[in-house]
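Written out below as structure tokens is the structure these notes cover.
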Amino acid sequence: MKCTRCHARAEVHIRHHNSAFCRGCYGTYFQRQVERAIHKEHMFTPDEDVLVAVSGGKDSLALWDALVTMGYRTTGLHLALGIGDYSAISTRKTEHFARERGLRLLTVPLEDETPGLGIMRVAGATNRKACAACGTVKRHYFDRIAAEQGFQVVATGHNLDDEAARLLGNVLHWQSDHLAKQSPVLVPTHEKFARKVKPFFRISEYETAVYAFFRGIDYVLDECPNSAGATQLVYKDVLNRLEAAMPGTKLTFVQEFLRTGRPAFAGEASSPPQTCESCGMPSYNGTCGFCRLVAEVTRRRNPLPHAGPA
Amino acid sequence: MLITLLPQHQEIDLPGRQRVADVLRQLGLLPGTVMVIRGDELVTERDFLEADDRVEIRSVISGGS
């Protein structure tokens, strides 16, 4: 197979674009895709400081690498989640990536956050699913660090497959409020929200993995141990079967939803958030989900002494 | 050819010269869900793998929740 651009031997075949690329031309193709998404969706400009959420996986490290290569001003934010060896390896690879390239990285070890917020210990204390606790904690710290450090933009490595799987889940359950909000750019609805952007929303995870491989990025290969049997992986499997039979299905599904489907759900969007009485961050109740989680962990770890008879 | 599947770290030996697409089919893997790596290069599903090749097939699927 020959490269579509220069006719050298192709190393990668992008079936949904009916294109093939050699290593050199693939870098150009990939960065153009990212730049197009950033520009077309008005995600951010070269004058803005971007906080990049980095887990140590292929997508977030590829995103950080691509943004730096393209000349954007970035700082990495890594949450050390406290999920055993998986988190230890993730943190080590993320810190190595930043150190090797001389990039600024903020690392928050959740286990050191009061009252000790390592995900496995939080899940154990509250009987919540680890993924639910992880989502609540991640959203809070992304918003809080961005607000405290003055970032207007938070970029995440969500890719086309993530967006297609999320869309399928939202459609299967007709979650109209979620459909109203699913977008590559989330405009802030509270003074302490940053703009959340997904520059890889049109790029498949095969493409991000290829970019990471070609760039020599040492990312975490193992999956989070909590992801086994995750619903999102079931949706991804279904979508990959459709994609294999009909290349372009995932891209069309997401693109056409954004173009024609999402506007139909605009009226279903929830009201703007209020302010959490406890931490001052945005909240859809009096107290935000993060503060309720922290209170529950604290209560379960330090139960009140049983009141005896007077 | 000796194939290492990642992240499972599983090794599989397949006989003869075969096209990548046929190898993936035998292993029950869909194109676009794995990278096929020979040495320090990627190969496409239309390329051939030789009987004495050592190949890494690395999953690209991630995610949870």
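The values are calculated or read from the model by the stated rules, or taken from the named source; none is laboratory data. Values in this document were obtained by computation on a predicted structure and should not be read as measured data. Every residue, glycine among them, receives a Cβ derived from its backbone with ideal geometry; neighbour counts consider all protein chains shown. To get the accessible areas, we keep the full protein, side chains included, count just its heavy atoms, and leave off ligands, DNA and RNA. Shrake-Rupley method; radii C 1.70, N 1.55, O 1.52, S 1.80 Å.
For the protein assembly as shown, the per residue solvent-accessible surface stands at 48 Å², with DNA, RNA and ligands left out and a 1.4 Å probe. Pairwise Cα separations in the protein assembly as shown fall into 10 Å bins from 0 onward with the following percentages, short to long: 5, 21, 32, 25, 11, 4, 1, 0, 0.
Roughly speaking, what is the stretch gain from A:ARG292 to A:SER19, that is 0.36 nm per residue apart minus the C-alpha to C-alpha distance, in nm to one decimal? Kindly include the intermediate steps, with their values, before the conclusion.
Working: separation 273, 0.36 × 273 = 98.28 nm, distance 4.96 nm.
Here the answer is 93.3 nm.
Counting only C-alpha contacts under 8 Å and six or more residues apart, can you give the relative contact order of region A:20-118 as a whole percent? Could you put the intermediate results ahead of the total?
Values: 116 pairs, mean separation 22.8, N = 99.
Reported as a whole number, the value is 23 percent.
Chain A and chain B together bury an accessible surface of about 2400 square angstrom, both sides counted, with a 1.4 Å probe and no ligands or nucleic acids included. Dipole of the protein assembly as shown computed with +1 at Lys/Arg Cβ and -1 at Asp/Glu Cβ about the Cα centre; of A:GLY286, A:LEU242, A:GLY169, farthest Cα towards the positive end is A:GLY286. Distance between the pseudo-spin-label points of A:ASP237 and A:THR260 (7 Å out from Cα toward the beta carbon): 3.1 nm.
So between A:LEU172 and A:SER227, what do we pick up on full extension, going 0.36 nm a residue minus the alpha carbon distance? Please list the in-between numbers first.
Details: separation 55, 0.36 × 55 = 19.80 nm, distance 2.04 nm.
Going from the current span to full extension adds 17.8 nm.
With a/c under 1.5 counting as rounded, go ahead and sort region B:1-41 into rounded, prolate or oblate using the C-alpha gyration tensor (a ≥ b ≥ c being the square roots of the eigenvalues; past the cut-off, prolate if a/b is larger than b/c, else oblate). Rounded, because the longest to shortest axis ratio a/c is under 1.5.
Under a model in which nothing but the beta-carbon of Lys, Arg (+1) and Asp, Glu (-1) is charged, the protein assembly as shown shows a dipole of about 580 debye around its Cα centre.
How much FRET efficiency would the formula 1/(1 + (r/R0)^6) give for B:THR4 and A:LYS129, where r is the Cβ-Cβ distance and R0 is 35 Å, rounded to 0.05?
On the way: r = 33 Å, r/R0 = 0.93.
Result of the calculation: an efficiency of 0.60.
For region A:151-158, 3J(HN,Hα) computed residue by residue from phi via the Karplus equation (6.51, -1.76, 1.60; θ = phi - 60°) reads 8, 8, 10, 10, 10, 10, x, 4 Hz, glycine and proline entered as x. Loop-located GluC sites (Glu not before Pro) across region A:177-246 with a Cβ neighbour count of 15 or fewer within 10 Å are A:GLU191, with loop assigned by DSSP. Database remark: amide H of A:ALA80 closer than 5 angstrom to the amide H of A:VAL108, A:LEU110 (H placed geometrically; neighbours at sequence offset of 5 or more, or on other chains; Pro and chain starts carry no H). Note on the protein assembly as shown: dipole from Cβ charges, positive end direction compared against A:GLY84, B:VAL23, A:HIS178; the farthest Cα belongs to A:HIS178. Of interest is the spacing of the C-alpha centroids, which for region A:261-278 and region A:1-37 amounts to 39 Å.
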